[in-house]
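Step one of this worksheet: look at the structure below.
Just so it is clear, none of the values below were taken in a lab; they were calculated from the coordinates. Computed from a predicted structure; not experimentally measured. Virtual Cβ from ideal backbone geometry, glycine too; neighbours counted across all protein chains shown.
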Amino acid sequence: MTDFPRDVRYTPEHEWARLEGDLVRVGITHYAQDALGDVVYVELPELGARVTQEAPFGEIQSPKAVSDLFAPVTGEIVERNDEVVAAPELVNEDPYGEGWLVAIRADEPAELDGLLDARAYEELVESLDEEA
Amino acid sequence: MTREPDTIFELSRPGRRSWSLPEAPFDVEPVPSEFARRDAPKLPEVSEGGLIRHFTQLSERNFAIDNAFYPLGSCTMKYNPKVQDELAALSGFRDLHPDQPLADIQGALELLWTFERDLCEITGMTAATFCPAAGAHGEITALLMWRKHFANDRSRDTVIIPDSAHGTNPASVRLAGFKVAEVPSGPDGQVDVDALKGLLGPHVVGLMITNPNTLGVFEQRIDEITKFVHDAGGFAYCDGANLNALVGRALPGDMGFDVVHINLHKTFSTPHGGGGPGAGPLCVDEALEPYLPVPRVKRLDDGTFAWDHDHASTIGPVHSFGGNFAVVVRAYAYLRRLGLDGLRRVSGMAVLNANYVKKKVDARYRVPYSEGTMHEFVASGDFLRKFGGVRTFDVAKALLDHGFHAPTVYFPLTVREALMVEPTETESKETLDAFAQALLEIAEQAEAGHADELRSAPHTLPVSRLDEARAARQLKLRA
């Protein structure tokens with residue numbers, strides 16, 4: 001598994017977003033799950049809920065910290081991954097696959113173009129590593 | 001490894017008792033039948049000797065400030081002098097009820113009245129309440145006072161909090177019905193003042209900030225920060241969790257704060273934990289005084305003292321009676337024994353000890369915000385990851401094998417793999433040396449390729465590494 005897959009876009013808050021037809025599938029990045037450590041709890045919005053780009057749409061917890069999940073695009077929640085709610089370790093094991101969190105029907109799929117691409121996100125992570 | 005002890009329920013045998021009561025010498029009114037339970041409660045049945053052994057053995061496995069060094073950052077785990085417990089146990093304090101005739105409780109009221117003035121002198125405030133039962137309770141009390149002050153201006157709904165704040169700050173803000181706006185830290189670990197200015201406006205109720213902040217660094221621009229908040233019409237709250245770094249030397253009032261809470265269990269050395277009781281007195285300036293909770297204590301013209309409920313603008317009571325009085329007595333005893341000079345030595349030694357340990361370990365452990373360390377410092381264990389994936393969590397567990405309590409880990413969130421060390425002023429140079437040596441040895445162990453030993457620590461305690469993730473994922477709340 002690559003740490004920075006090229007078929008997704010990234011937020012500076014370490015979510016990824018993948019365009020699938022007219023849906024945007026969302027999860028947290030490999031870097032985020034590694035920094036959090038063992039994910040023990042995920043709280044996701046109900047189907048049909050409205051989410052706004054850059055605003056929190058859920059919560060993720062590890063023994064270290066509770067973090068907000070930020071929506072990469074504005075739209076409506078049309079799928080939620082209940083398996084990850086039942087087995088939060090999926091986020092650690094397969095953050096870009098089985099560990100996905102929600103799918104959003106984006107009002108403006110073009111919002112994705114404003115997010116980071118793999119190269120820009122990798123640079124962001126490297127700069128964080130230097131700071132730390 | 002020792003055998004897991006039986007639980008008190010496993011020790012239970014039908015009919016065994018650890019008490020024997022005489023027949024009641026008078027008629028006892030039975031509990032009305034509608035309130036009486038139908039089945040006997042499921043209580044363990046053990047002998048007195050069995051009971052004492054069980055809990056004594058458990059207590060011997062416990063880690064406490066009375067048996068070892070406890071550098072839990074932000075928590076100020078300093079030694080609590082036993083004389084304070086003795087004084088709080090004097091019959092004249094212990095056996096009082098706050099509703100006794102005033103003549104019976106003059107001494108207690110005088111203590112509260114005098115201590116209120118002392119705390120105002122130490123913080124540069126004008127009045128104080130002892131009602132809040134903890135620091136976070138002080139926070140919500142202050143926020144309710146702000147809410148009352150802005151009762152006619154509901155457009156003010158936002159409280160600004162730095163990203164390095166204690167989690168209780170945003171929690172209290174939400175509990176009070178306000179919104180949180182987070183102000184980022186700059187590269188020096190202090191509040192980004194330009195970002196703060198951008199957040200201020202007519203919607204702001206106030207700012208809550210810890211000084212020194214949770215990185216153990218004094219906010220150098222605190223004067224400007226509080227001034228900008230005041231210019232926007234808001235209040236400035238000092239989270240006094242780190243007051244032990246300043247006590248006797250600098251006044252929150254001089255820094256422009258309107259209100260500050262004091263954690264008596266930290267700065268004033270009253271016992272921590274065990275579920276309390278605690279005390280988080282709140283000191284306020286003139287603008288906020290009218291809203292203080294009741295009861296307060298007043299001195300009458302004849303020099304005697306009385307409860308004072310008569311304040312039209314009060315937010316009302318926040319605790320039964322005047323708060324957790326026995327804790328306040330301990331803190332008062334601490335203050336009287338030390339005096340102002342003693343308090344200055346407390347903050348001086350707390351800062352010296354933190355800087356001493358930092359200096360001993362910072363060649364190996366990076367301390368990202370090292371400039372101006374006060375009573376605690378935050379090191380990063382991130383460099384250990386390249387040695388077989390060792391993380392701060394493993395360092396914390398390995399320290400237990402060295403006989404030390406772990407520092408606070410993974411807080412504040414602004415430092416990766418954070419190790420937050422607060423030695424406090426009550427530790428000797430020998431203890432600090434031994435602790436620093438242990439931290440260095442653990443790093444050497446990782447570098448020498450012994451990551452596995454660290455990742456499976458602790459090895460010498462009654463309980464080995466617990467699976468915290470599994471415990472959180474598969475909660476088991478009943479036996």
With 0.36 nm assigned to each residue of separation and the Cα-Cα distance removed, B:Val193 to B:Gln220 gains 8.7 nm
Summing -39500 (n - 2.57) over every DSSP H run of at least 4 in chain A, dividing by its residue total and rounding to the nearest 500, the 222 nm mean residue ellipticity is -6000 deg cm²/dmol
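If you rank B:Trp113, A:Trp100, B:Trp19 by fewest surrounding Cβ atoms within 10 Å, what's the result? Can you show the working numbers first?
Numbers: B:Trp113 16, A:Trp100 22, B:Trp19 7.
Ascending number of Cβ neighbours within 10 Å: B:Trp19, B:Trp113, A:Trp100.
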Sequence order, the range B:315-320: Karplus ³J(HN,Hα) from phi using 6.51 cos²θ - 1.76 cosθ + 1.60, θ = phi - 60°, Hz rounded, Gly and Pro as x, gives 6, x, x, 10, 7, 5
For the range B:429-479, the Cα convex hull volume per residue in Å³ comes to 132 Å³
Computed ³J(HN,Hα) along the range B:400-409: with the Karplus parameters 6.51/-1.76/1.60, θ = phi - 60°, integer Hz and x for glycine or proline, the list is 4, 5, 7, x, 10, 5, 5, x, 5, 10
The range B:6-49 -> Rg/Rh from Cα coords, Kirkwood Rh, value 1.08
Within 10 Å of the Cβ of an average residue in A:33-40, the count of other chain Cβ atoms is 3
Listed with the fewest Cβ neighbours within 10 Å leading, B:Asp301, B:Asp341 appear as B:Asp301, B:Asp341
Relative to the compact-globule estimate 2.2 N^0.38 Å (N residues), the Cα gyration radius of the range B:37-97 stands at a ratio of 1.74
Expected integer from the mean partner chain Cβ neighbour count at 10 Å over B:464-470 is 3
Here, the range B:82-336 modelled as identical Cα point scatterers in vacuum has Debye log10 I(q)/I(0) at q = 0.14 Å⁻¹ of -0.90
Along the range B:232-239, Karplus-curve 3J(HN,Hα) (6.51, -1.76, 1.60; θ = phi - 60°) to the nearest Hz, with x for Gly and Pro, reads 7, x, x, 9, 10, 9, 9, 5
Projecting the Cα atoms of A:Leu47, A:Gly58, A:Ala103 onto the charge dipole of the range A:9-131, where Lys and Arg contribute +1 and Asp and Glu -1 at Cβ, the residue farthest towards the positive end is A:Leu47
Compactness summary of the range A:9-131: radius of gyration and Dmax from Cα atoms, Å, are 13.4, 41
The percentage of Cα-Cα pairs in the protein assembly as shown separated by more than 32 Å is 58 percent
Quotient of Cα radius of gyration and Kirkwood radius for the range B:110-166, i.e. Rg/Rh, equals 1.05
If R0 = 41 Å, then B:Asp231 and B:Ala312, at their Cβ-Cβ distance, give a FRET efficiency to the nearest 0.05 of 0.90
Computed D for the range B:27-155, Stokes-Einstein, Kirkwood radius over alpha-carbon pairs, 37 °C, 0.692 mPa s, to the nearest µm² per second, is 156 µm²/s
Rounded to one decimal in nm, the spacing of the 7 Å Cα→Cβ label points at B:Asp433 and B:Glu48 is 4.8 nm
Bounding extents of the range B:149-224 in its principal axis frame from Cα atoms, largest first in Å, are 38, 24, 17
In units of 2.2 N^0.38 Å, the Cα radius of gyration of chain B is 1.09
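Magnitude of the Cβ-charge dipole of the range B:209-351, K/R +1 and D/E -1, about the Cα centre, nearest 20 debye?
780 debye
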Taking every alpha carbon pair in the range B:347-455 and sorting the distances into 10 angstrom bins from 0 up to the bin holding the longest one, the percent per bin comes out as 16, 51, 29, 4, 0
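Given an 8 Å cut-off on Cα distances and at least 6 residues of separation, report the relative contact order of the range B:107-264 as a percent.
Values: 247 pairs, mean separation 36.9, N = 158.
In percent, rounded to a whole number, it is 23.
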Sites removed, the longest contiguous part of chain A containing no DSSP-loop GluC sites (Glu not before Pro) with at most 15 other Cβ within 10 Å is A:1-45
Counting sequence-distant residues (5 or more places) and residues on other chains, those with an amide H built under 5 Å from that of B:Glu219 are B:Asn213
Given backbone amide H placed at 1.01 Å from N, residues whose amide H is under 5 Å from that of A:Val40, ignoring those fewer than 5 places away on the same chain, are A:Gln61, A:Ser62
